[in-house]
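Have a look at the structure below, then the notes.
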Amino acid sequence: MSELVLLDTREGIATLTINRPEVLNALNGDTLEALRQKIAVLDSDPEVRVVILTGAGEKAFVAGADIARMRDLGPLAARDMALLAQAVLNDLERCRKPVIAAVNGYALGGGCELAMACDLRVASESARFGQPEVNLGIIPGWAGTQRLPRLVGKGRALELILTGDMVDAQEAWRIGLVNKVVPHAELLPEARKLALKIAARSQVATRLCKEAVHHGLELDSARAGIFEADLFGLCFSTADQKEGMSAFLEKRKAQFRDA
Ligand code: COA
């Protein structure tokens, strides 16, 4: 059996590819587990600075949870599946390395939720986004009801969730669901270019930026401000802060040590 999630690492950039193109990369339990294991490996690999996540084949990023596996589930098994998927998406969001979704086609249901758990989204012109769960008699269960409103606002999120309509890549860009739209052939090169740019920054700084945004958004604004100030203060214990500021003042390029 071919691997459910492929991993290729070059120049500090790891590319994860969901690999079930025959079902448009629909996510079943085994694929979620494989993804979880790969994320854990990448998170602790010092060679990996940025992660790109994409789907195999020309048509889909991920067309959602595997409907064939879901149809006959009972309520507790369905709840467990939602909790497992949420945990995997949380692992992705909490991973210390910035994660870029390269959305190469359909990103529907769990696929849209997976893309939203990444830090940035670059989309091919042929990408399509949506939360079509209402068409199946269910609601989004992989935190789509939470991440979508945070990205696009409550009104637009409810429009997508209540209608189940798909939007094309341009519309996804217009509403803030994706950061950039590029021709299909340029998707992976563009995602890689962005990854290499971020990889050239101080890794301790990018890690703390992620924490400040993702964890800070879960706190009330007073606590979030203190949390941000704590992380800001923590930066001043690092060699990279001294190097970054010295390099600026000495008009030279910083040589970060990620420490
Ligand atoms: N779960 C399981 N299988 C899926 C799937 C999913 N989420 N999405 C697609 N597939 C399978 C199809 O059943 C089909 O399998 P088959 O060749 O054995 O019949 C194969 O992938 C190709 O999909 P198909 O529907 O024939 O492609 P299409 O180009 O006509 O349509 C979509 C593409 C994405 C519009 C359509 O597949 C779709 O609506 N998928 C479901 C999306 C969804 O509701 N996701 C949320 C799940 S909670």
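Only the coordinates and a few stated rules stand behind these numbers; no lab work does. Fair warning: this is a prediction, and the values are worked out from it, not measured in the lab. Here the Cβ positions follow ideal geometry from the backbone for every residue, glycine too, while neighbour counts run over all protein chains shown.
Classified by the C-alpha gyration tensor, segment 61-148 has an oblate form. Its axis ratio a/c, with a ≥ b ≥ c, is 1.5 or above, and a/b does not exceed b/c. Separation of the alpha carbons by more than 28 angstrom is noted, of 59/180; 38/154; 180/242; 38/242; 197/251; 97/180, for 38/154; 180/242; 38/242. Over what distance in Å are the Cα centres of segment 74-114 and segment 1-65 separated? First find each Cα centre; the distance between them is then 12 Å. Working note: Karplus 6.51/-1.76/1.60 with θ = phi - 60° gives segment 89-104 the couplings 5, 5, 4, 5, 5, 8, 4, 6, 8, x, 10, 10, 7, 9, 8, 9 Hz, where Gly and Pro are set to x. On the beta carbon distance between residue 258 and residue 77, with R0 = 30 Å, the FRET formula returns roughly 0.10. Ranked by the mean number of other Cβ atoms within 10 Å of their residues, highest first, the peptides 75-85, 215-225, 201-211, 124-134 fall in the order 124-134, 201-211, 75-85, 215-225. The residues packed around residue 222, meaning those with a beta-carbon under 14 Å from its beta-carbon, carry a net charge of -3 if Lys and Arg are +1 and Asp and Glu are -1.
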